[in-house]
Amino acid sequence: MTRKYTAFTKAFKLETLALANQPNTCIAQLARDLGLRRNMIYKWRIELKQKQDKAFKRTADTANTAHHKATHSALLKQNKQLAKDLKLAQMEVEILKKAQAFFKGQNS
């Protein structure tokens with residue numbers, strides 16, 4: 001049985017660490033959202049602290065990694081759904097505004 005490794009770009013690792021360093025960030029939740037193991041974020045943090053500029057030598061060179069493509073695809077789907085939800089919410093707001101104006105006109 002061969003073990004399959006996922007390669008992440010240096011930019012992805014640095015962005016993940018930037019998100020992890022924000023106040024009130026739950027590392028476990030961040031890892032789940034990004035499809036990572038929690039310990040990877042901690043390992044990347046240690047490596048960056050110890051090696052600084054020389055950190056992440058064994059990383060993917062491009063964004064054409066399997067993880068990036070999967071994450072990108074999921075984000076595109078989520079973005080499309082959020083756009084639909086936003087449009088629906090905007091329509092609901094317009095309907096409520098019209099109903100409010102209508103009922104205000106009847107009370108006068």
**Asked** For segment 14-26, what are the residues that are open to solvent by 20 Å² or more (accessible area, probe 1.4 Å) and either part of a helix (DSSP H, G or I) or touching an Asp or Glu at 6+ places or on another chain (Cβ under 7 Å) (or both)?
**Response** Leu14, Glu15, Ala18, Leu19
**Prompt:** Counting just the residues of segment 27-39 that are open to solvent by less than 100 Å² (accessible area, probe 1.4 Å) and assigned to a loop (DSSP other than H, G, I, E, B), which one comes out nearest to Gln78 (Cα to Cα)?
**Reply:** Gly35
**Fill in**
Of the listed residues (Lys69, Lys57, Lys43), the one being open to solvent by 90 Å² or more (accessible area, probe 1.4 Å), modelled with pLDDT under 85 and not in a loop (DSSP other than H, G, I, E, B) is Lys69
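The values are calculated or read from the model by the stated rules, or taken from the named source; none is laboratory data. None of these values were measured; they are calculated from a predicted model. For neighbour counting, all protein chains shown are included, and Cβ atoms are generated from backbone atoms with ideal geometry for every residue, glycine included. What goes into the accessible areas is simple: the full protein's heavy atoms, side chains included, and nothing from ligands, DNA or RNA. Shrake-Rupley method; radii C 1.70, N 1.55, O 1.52, S 1.80 Å.
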